[in-house]
Amino acid sequence: MDTALIDAAGTVTAAAAHGPPWGAGPPPFAHPLIGVAMFLVPLVLIALGFFIATRFAKRRPPWATPPEAPEDGAKRVLAERFARGDIGVDEFMERASVLNWTPGKSPGART
């Protein structure tokens with residue numbers, strides 16, 4: 001049986017005249033290992049790029065940084081308010097003493 005195609009213009013063309021672009025053999029991705037490799041290689045490259053980006057970046061991603069301790073946050077806010085001039089020296093020293101904080105040490109340092 002001869003297979004023929006009729007296109008939009010009504011012209012009859014033989015379907016067998018044009019074969020697959022890879023010739024008479026099997027398709028290039030017919031082997032299962034090639035298909036698996038074509039799936040895994042991009043995934044491995046993406047994972048490698050993510051690893052390199054997070055490993056050598058100056059900042060760590062937000063989900064990898066430990067949360068700030070409440071005391072450190074309070075010390076940081078107190079120092080910022082004092083630096084802006086919102087509170088005076090006496091109030092700053094009083095609130096620092098409540099936090100058991102010696103001003104002049106970094107807010108992240110444990111005493």
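Residues in region 89-102 carry Karplus couplings, in order, of 5, 4, 5, 4, 5, 5, 5, 5, 5, 5, 7, 6, 10, 8 Hz; the curve used is 6.51 cos²θ - 1.76 cosθ + 1.60 with θ = phi - 60°, and Gly or Pro positions show x.
The stretch between VAL36 and THR54, if pulled fully straight at 0.36 nm per residue, gains 3.8 nm over its current Cα-Cα span. Calculate the FRET efficiency for ALA47 and ARG76 from the Cβ-Cβ distance with a Förster distance of 41 Å, rounded to the nearest 0.05. It comes out at approximately 0.70.
A short reminder: the numbers here are calculations on the coordinates, not readings from a lab. If you're wondering where the values come from, they're calculated on a predicted model, not measured in any experiment. With ideal geometry, Cβ positions are generated from the backbone for all residues, glycine too; neighbour counts draw on all protein chains shown.
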